[in-house]
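S.K.: One structure is given below, represented as structure tokens, and several questions about it will come after.
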Amino acid sequence: MNHVHLCLSDLLDQDLTAWEYFQTLPSSIRQSLYDSDITTFAELQAEANQAKADAQQTEG
């Protein structure tokens, strides 16, 4: 079950799996995720994957 949190900070404070995943991301992606309306781990993964894809398109 995906528990909905108030914001990304709340999610990271309350969900160890989300926090651990977030820490594996590059700092530029972590920073951009704070501007998104992320309230679940699934949303965190989806937004991070999209940010990675966008970064790859920009680079190459």
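The values are calculated or read from the model by the stated rules, or taken from the named source; none is laboratory data. As the structure is a computational prediction, the values presented were derived from the model and not from experiment. Neighbour counts are summed over all protein chains in view; Cβ atoms, including those assigned to glycine, are modelled from backbone coordinates with ideal geometry. We work out accessible area using only protein heavy atoms, side chains counted, and drop any ligands, DNA or RNA first. Shrake-Rupley method; radii C 1.70, N 1.55, O 1.52, S 1.80 Å.
S.K.: Tally Lys and Arg at +1 and Asp and Glu at -1 over the other residues with C-beta under 12 Å from the C-beta of residue 32: what net charge comes out?
M.R.: Within the 12 Å Cβ shell, the charges total -1.
S.K.: Express the relative contact order of the chain as a whole percentage, based on alpha carbon pairs under 8 Å and six or more residues apart in sequence. Working shown, then result.
M.R.: Numbers: 42 pairs, mean separation 22.6, N = 60.
Reported relative contact order: 38 percent.
S.K.: Quote the accessible area belonging to residue 25 in square angstrom, nearest 10, computed with a 1.4 Å probe and with ligands, DNA and RNA left uncounted.
M.R.: 10 Å²
S.K.: Another question about this same structure. Relative to the longest principal axis of the C-alpha atoms of the chain, give the angle of the C-alpha long axis of helix 41-59, reported between 0 and 90° and rounded to the nearest 10°.
M.R.: For 41-59 against the chain, the angle is about 10 degrees.
S.K.: Placing +1 at every Lys and Arg Cβ and -1 at every Asp and Glu Cβ, with all other atoms neutral, what dipole size does the chain have around its Cα centre, in debye to the nearest 20?
M.R.: Result for the chain is approximately 140 debye, rounded to the nearest 20.
S.K.: Stretch residue 14-residue 52 to full length: gain in nm at 0.36 nm per residue minus the Cα-Cα span?
M.R.: 11.2 nm
S.K.: Follow-up. Keeping the other protein chains in place, figure out the carbon and sulfur percent of the accessible area of the chain, with a 1.4 Å probe.
M.R.: Of all accessible area on the chain, carbon and sulfur atoms account for 47 percent.
S.K.: Quick one: what Rg and Dmax do you get for the chain from the alpha carbons, in Å?
M.R.: Answer for the chain, Rg first and Dmax second: 11.4, 37 Å.
S.K.: Quick one: accessible area per residue over the chain, 1.4 Å probe, rounded to a whole number of Å²?
M.R.: On the way: 4200 Å² over 60 residues.
Per-residue value: 70 Å².
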